[in-house]
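Notes follow once the structure below has been shown.
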Amino acid sequence: MSAHQSQSLVTINTLQNLKAKGEKFTCLTAYESTLANIISQAGVEIILVGDSLGMVIQGHESTLPVTMDDLIYHLRNVSRGNVNSHLMADMPFMSYATKDAALLNAGILMQNGAHSIKLEGGHWICDLTNTLAERGIPVCAHMGLTPQSINRIGGYFVQGRDTDKRDEMISEAKALESAGASLLLLECVPSDLAKEITQSLSIPVIGIGAGVSTDAQVMVIHDLLGISCLEKSPKFVKNFLAENDSIQSSVKAYVKAVKEKQFPAEEHTFF
Ligand code: KIV
């Protein structure tokens, strides 16, 4: 237990129990210590040290330039500020391109404070997921819009709108659960597909742009605070600071809105 942890750490079991009880939980990104402390104190169950840092911290146009060294630097800072949230670390682009690379890099992230790691992909990451899970590393599989594949996808579009893609995503989600994934994250998918996947899995499903029916929601902290260089925010984003007078109260309002199923509302949802 670190110096900050007088309350018990949120574990994969905690999240699994919340799903079993039908209670929603929250995830927020953080990249540094002070905001990590505020987010954890506000009761956010998971802090994600996301490779979105490439865009919101480093100013790149995509997440692709983020390196293991970048991720480790931000993870260590977040870890020092965290109180008792579960710390999830993104595996950067190409850091899990082979099984050997995945084992090495996931191990390094765990040794630098992560409690779980997140990988983007479907069927192709099943084998990796199994290998990591068998070695004691909880995996969150990120499906739907996977920003590390932006050059192949061709843009930030909603995924799973046609029947073939939809069936494929349901089958991939089930395969990832069978392979040993502890969590699934769905980004930018129609809400009815996210609902079907959430109901057909026993592991918790976290959504962003995936409607209100997933077990949990994730947001990028900059979006929650309305800080953006973009002219137009994505549909699924809500600026909580616009209705609150501090960062602390904005994060607490996000937690409350998710738990009470007020966020995401219809206006933030793809159908
Ligand atoms: O890197 C990140 O912040 C993410 C979230 C958008 C889910 O993957």
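Just so you know, all these numbers are worked out from the coordinates, no wet-lab data involved. Just so we're clear, the structure is a prediction, and the values are computed from it rather than from any experiment. Every residue, glycine as well, gets a Cβ built from its backbone with ideal geometry; the counts of neighbours run over all protein chains shown.
Given H placed on each backbone N at 1.01 Å, which residues far from residue 115 in sequence or on other chains put an amide H within less than 5 Å of it?
Correct list: 87, 88, 89.
What residues have an amide H closer than 5 Å to that of residue 207, excluding those fewer than 5 places away on the same chain, when H is modeled at 1.01 Å from N in the peptide plane?
186, 216, 217, 218
How big is the gap, in Å, between the Cα center of region 109-155 and the Cα center of region 177-205?
14
Quick one: which of 21/235; 24/235; 21/232; 99/235; 24/99 span more than 31 angstrom between C-alpha atoms?
Violating the 31 Å limit, Cα to Cα: 21/232; 99/235; 24/99.
Just in region 174-271: which trypsin sites (Lys or Arg not before Pro) are loop by DSSP and have at most 10 other Cβ atoms within 10 Å?
Those satisfying the criteria are 232.
Can you tally the net charge around residue 112? Count Lys and Arg as +1, Asp and Glu as -1, for every other residue whose Cβ sits under 14 Å from the Cβ of residue 112.
Net of charged neighbours comes to -1.
Mind listing the long-range amide H neighbours of residue 44? Cut-off is under 5 Å, sequence gap 5 or more, other chains count too, H placed in the peptide plane at 1.01 Å from N.
none
Using only helices, what value at 222 nm comes out for the chain when you add -39,500 (n - 2.57) per DSSP H run of length 4 or more and divide by the total residues, to the nearest 500 deg cm²/dmol?
Theoretical 222 nm ellipticity from helices: -11500 deg cm²/dmol.
Within the set of other residues whose C-beta is less than 12 Å from the C-beta of residue 148, count the net charge using Lys and Arg as +1 and Asp and Glu as -1.
Within the 12 Å Cβ shell, the charges total -2.
Using θ = phi - 60° and the Karplus curve 6.51 cos²θ - 1.76 cosθ + 1.60, what whole-Hz ³J(HN,Hα) does each residue of region 170-185 get, with Gly and Pro shown as x?
Each residue's phi maps through the Karplus curve to give 5, 5, 5, 4, 5, 5, 5, 4, 4, 6, x, 4, 8, 8, 10, 10 Hz.
Does the chain classify as rounded, prolate or oblate by the C-alpha gyration tensor (a ≥ b ≥ c root eigenvalues; a/c under 1.5 gives rounded; else a/b over b/c gives prolate, otherwise oblate)?
Rounded is the answer for the chain, as its axis ratio a/c remains below 1.5.
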